[in-house]
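The block underneath contains the structure these notes are about, expressed in C-alpha cells.
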Amino acid sequence: MSREQDARSLADQRAAVTREAILKATQNLLVNEHPAAISVPAVAKQAGVSVRTIYRYFPNKQALLDAIANYFPDRADVYVSSTFESMAGSQEALIRLWSMFDENRAAVRAEHMSPAGSELRQRRLTETRTQIHKVVSTAAPVGSEADRERVTDAVVAVSSSSMFLELTDRLGYAGPDAARLAIWMASALIEKLAADHAVEGPTP
C-alpha cells in the first residue's frame, strides 16, 4: 500500500470515528430530550466537535435524525417474521422487542420524528398487520372478517412503537412492563371479539 493510500485509509477511519461520535452524542441527547428540542450546537457540544464538523457529515438536523432512525433498522423485521406466529409467541416477542426499544429509545424517538423513520415504519406495516391478523384469526376464529380486521388494527395500534413511547415516556413504565400492559390490552380486544360472537351467535 502506498503512502497516499495509507493516508487516505487513516482519514477514512478518523471520519468514521467522528461520524460515530456525532451519532452517539445525538442518541445520548435523545434519551432525555424530545427530537424537536435537539439542536446542532447541542450535539456538537456533546460530541466534542465543532458545529462546522457536524455539517460536514450531516447537512441538517433532519439528516442526523434520519441516520439515528436507521441505526436500529432490522429490530421489528426479525420480530415479525420469526416469532409472531401464535398468541404466546407474539407475547414473548413483544416483551423482547420492547426491551430492545428500552435500550435504543433514542432510535425509536428519532424514527417517529424523521421522514426516513416514517418510511421504515410504513414499510413494516403491511407485514406486521398480516402477521397480527393471522394471530387474531387463530385466537378468535369467529365473527365476520370485518370484525377481525378491526381487532387486527386495534392490536397493531396497542403493540406499536407509538404505544411504547406513550407508555414509557408519558406514563413511566419500563419497557418489559409496558409490553405486558400492551399484551393485556391486545388480549382483551381479542377476548371481546370472541365474547361478542358468543352472545350474538355464529355469523350466517
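Rolling a 1.4 Å sphere over the protein heavy atoms, what is the accessible area per residue of the range 98-204, to the nearest Å²? Intermediate results must be reported in sequence, preceding the final value.
Values: 5510 Å² over 107 residues.
I get 52 Å² per residue for the range 98-204.
Tell me the carbon and sulfur percent of the accessible area for the range 121-164, rounded to whole percent, probe radius 1.4 Å. Provide the component values of the computation, followed by the final result.
Working: 1220 of 2150 Å².
With neighbouring chains kept in place, the figure for the range 121-164 is 57 percent.
Ignoring lysines fewer than eight residues from Lys134 along the same chain, the ones with Cα atoms less than 27 angstrom from its Cα are Lys192. Along each principal axis, taking the top coordinate minus the bottom one, the Cα set of the range 123-204 gives 45, 29, 16 Å in descending order.
Could you tell me the calculated FRET efficiency between Arg170 and Ala15, based on Cβ-Cβ distance and R0 = 30 angstrom, to the nearest 0.05? Could the numbers behind the result be given before it?
On the way: r = 38 Å, r/R0 = 1.28.
According to the calculation, E is roughly 0.20.
Modelled spin labels at Ser162 and Glu92, positioned 7 Å past Cα toward Cβ, are 3.0 nm from each other.
The magnitude of the dipole of the range 109-204, with charges of +1 and -1 set on the Cβ of Lys/Arg and Asp/Glu and taken from the Cα centre, is near 260 debye. Once both labels are positioned 7 Å from their Cα atoms along Cα-to-Cβ, the gap between Asp196 and Glu145 label points is 1.8 nm.
The values are calculated or read from the model by the stated rules, or taken from the named source; none is laboratory data. Since this is a predicted model, take the numbers as computed values, not measurements. Using ideal geometry, Cβ is built from the backbone for each residue, glycine included, and neighbour counts are taken over all protein chains shown. In case anyone asks, the SASA skips ligands and DNA or RNA and just uses the protein heavy atoms, side chains included. Shrake-Rupley method; radii C 1.70, N 1.55, O 1.52, S 1.80 Å.
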